[in-house]
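Please treat every number below as a calculation from the coordinates, not as lab data. Here the structure is a predicted model, which means the values were calculated and not measured. Glycine gets a Cβ as well: all are built from the backbone with ideal geometry, and neighbour counts include every protein chain shown.
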Amino acid sequence: MNSNQYQQAAARTLISEPGLPISGKNLMLVWCAAGLCGESGEVMELIKKDVFHQHGIDPDLVKKELGDCLWYVAGLCSTLGLDLGDVMQDNIDKLLIRYPDGFSSEDSKVRADVEG
């Protein structure tokens, strides 16, 4: 599955107006951003329990939660009229400028992709 196919399939399950005080685009933005925060917190909880509680980690559970994160990212893209593939490519382009030879602590301080 490519990013465009994923984004289209994910958009099928975005909610319609549930009768809240906000509606339309604002509702979708808040819903998807809040959902992304919640799901990323679930990823962190799995990692925390592995690292600090020494419970071990189940990659399949992490995969499930990452999928939920991706769904909300795709929802934000759909709501804002962004192409998920373009978002992915723009991020790689930024990283190639910031870290031309792969990650380094020094490059992370310079941030060549940021003017100013």
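For Lys94, the lysines whose Cα falls under 26 Å of its own Cα, not counting residues fewer than eight places away in the same chain, are Lys63, Lys109. Relative to the current alpha-carbon distance between Gln5 and His53, full extension at 0.36 nm per residue lengthens the span by 13.5 nm.
Could you work out the relative contact order of the chain, using alpha carbon pairs under 8 angstrom and six or more residues apart, expressed as a whole percent? Reported as a whole number, the value is 31 percent.
Peptides 94-101, 47-54 ordered by packing proxy, namely the average of other Cβ atoms within 10 Å per residue, highest first: 94-101, 47-54.
Separation between the Ile15 and Glu42 pseudo-spin-labels, each 7 Å from Cα along Cα→Cβ, expressed in nm? For Ile15 paired with Glu42, the spin-label model returns 1.5 nm.
Work out, in µm²/s and without decimals, the Stokes-Einstein translational diffusion coefficient of the stretch 60-116 at 37 °C, 0.692 mPa s, Rh from Kirkwood over C-alpha pairs. Stokes-Einstein gives a translational diffusion coefficient of 246 µm²/s. Label separation (Leu29 vs Tyr99): 3.0 nm, computed from points 7 Å beyond Cα along the C-beta direction. When Rg and Dmax are taken over the Cα atoms of the chain, they come to 17.4, 51 Å.
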